[in-house]
Amino acid sequence: MEIFQGLLYGFGVVLQPLNLLYCFIGVFIGTLVGVLPGLGPAAAIALLLPSTFAASPVSAIIMLAGIYYGAMYGGSTTSILVNIPGEAASVVTCLDGHAMARQGRAGPALGISAFGSFIAGTLSVVVLTFLAPSLAKVALSFGPPEYFSLMVLGLTILTYFARESMVKALMMAAAGLLCGSVGVDSISGRYRFTFGIQTLMDGLGLVPVIMGLFGISEVLLNLERGKEKQEIFATPAKGLFPSRADWRLSTMPILRGSVLGFFLGVLPGAGAIIASFVAYAVEKRASKYPERFGTGAIEGVAGPEAANNAAAGGAFIPLLTLGIPANAVMAILLGALMIHGLQPGALLMKQAPDVFWGIITSMYIGNAMLLVLNLPLIPMWARLLKVPYAILFPFILLFCLIGSYSVTNNVGDGIVMWVFGVLGYLMKKFDYEGAPLILAMVIGPMMEEALRQSLILSAGSFAIFLSRPISAGFIVAAALLLLLPLITRRKEVAKAWTSVPQESE
């Protein structure tokens, strides 16, 4: 009964004209941030935080939160249309979303992305409303061993469901872990793999690497293909909304992605990126025709897009109930709350009920605003397919350069982007996937820190990962996923050998 009273109070707060305006500004800016490659919600919120100092705490946090989950909506747009993820969590959307665009189905891809995001975002807010306290306790039971084991499982799942060779995927994951270790060692404070280069002392920026691997490499590859590629983009989009067949294929992926994304979003360190990768892997595994994935399967768009939007809702649980940020964006929002004189945690609901319930109810309204805002823009985004590449390429390069430079205002990041652009071009030429590298680079530093903290707790004993039930479960699952292909291949070889007719002597 208290929950419903809180919801009514929250709607009374957010439906005030000024708060509605801030909510709209937040989701609108978030959509733009998601569409423009490179900026990302963390950088956008950090840049706009000073502009909220004159606003009331509830208005400020409503706007900043809207930027975060709004960016999850817009991030799929450039992933689908030009194979450049507008936001890191939309990397996996490139795989099937861009393939659909090449087939003239950009409209349904964008449509199912918008509807799936709305459904997942709304479901995540419903769960956030009713289960926040109990889910926060589950997240609290995770220590460094559980985090490390979970990240190992995430990497293993990604490599297990690789489109090409699993060995190549493992190689890319190893390269990503190496890239993630560049910079300052979080435990000892020493520089690693910097070679005296100033740009590398803060580590390899995620934005320049993503822009290079997915943006610059795509431009180089299309320039090489020349006119053949241009004809593909001249194909008109057939229908702007998903058909009944598309909905039949997408309904369960959206629901599965919503559940997976929300629970992974609750766990600090997991977040929208891992949620989208895991959702894609689950859909590929659940499909009767897994070979369709990577060639334009709409399930490969619906599941990950639902997962990253649900994860955005789940990330608010540890922030609002425990004062623990689940990711970099939540850390900035934690700072914003403290700047406005609020302390997130168990007492926030009593000390500032207008902020607590205002944030939650604003997400209901914000998700509806995003759906209304995004659907009319689908025809405009789909028209980008008809833009000649001679015009489109310079703009892609411009946005990539702006995105890589704007995060730290460092020219060196532009050089990093071009280096990884050439590397991404070669990877695509030789059928190496970029997704394992990106995921490993993102979770690599967290994974290393969790490993070393675990070993400090256990006085150097690796048995700590197997002596704790949750951690042991993740490790066993990862081991099974690594061994399963070997067992399957051995059975196939044995079956093929027995089916070969023996030559009569």
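We did not get these values from a lab; they are worked out from the coordinates using the rules stated. Just so it is clear, the model here is predicted, and its values are computed rather than measured. Cβ sites come from the backbone with ideal geometry, for glycine too, and all protein chains shown count toward neighbours.
Backbone N atoms of the stretch 406-429 closer than 17 Å to the 7 Å Cα→Cβ label point of L32 belong to residues 406-407. If R0 is taken as 45 Å, the Cβ-Cβ distance between L484 and L398 corresponds to a FRET efficiency of 0.50.
Taking 7 Å steps out from each Cα toward its Cβ at S186 and Y289 produces label points 4.3 nm apart.
Per residue, the convex hull spanned by the Cα atoms of the stretch 2-488 amounts to 146 cubic angstrom. Listed from fewest to most Cβ neighbours within 10 Å, the set F53, F28, F399 follows the order F53, F28, F399. Here the simple spin-label model places points 7 Å from the Cα toward Cβ, and for I339 and Q103 these points are separated by 4.6 nm. Each of S461 and Q5 was given a label point 7 Å from its Cα along the Cα-to-Cβ line. The distance between the two points is 5.0 nm.
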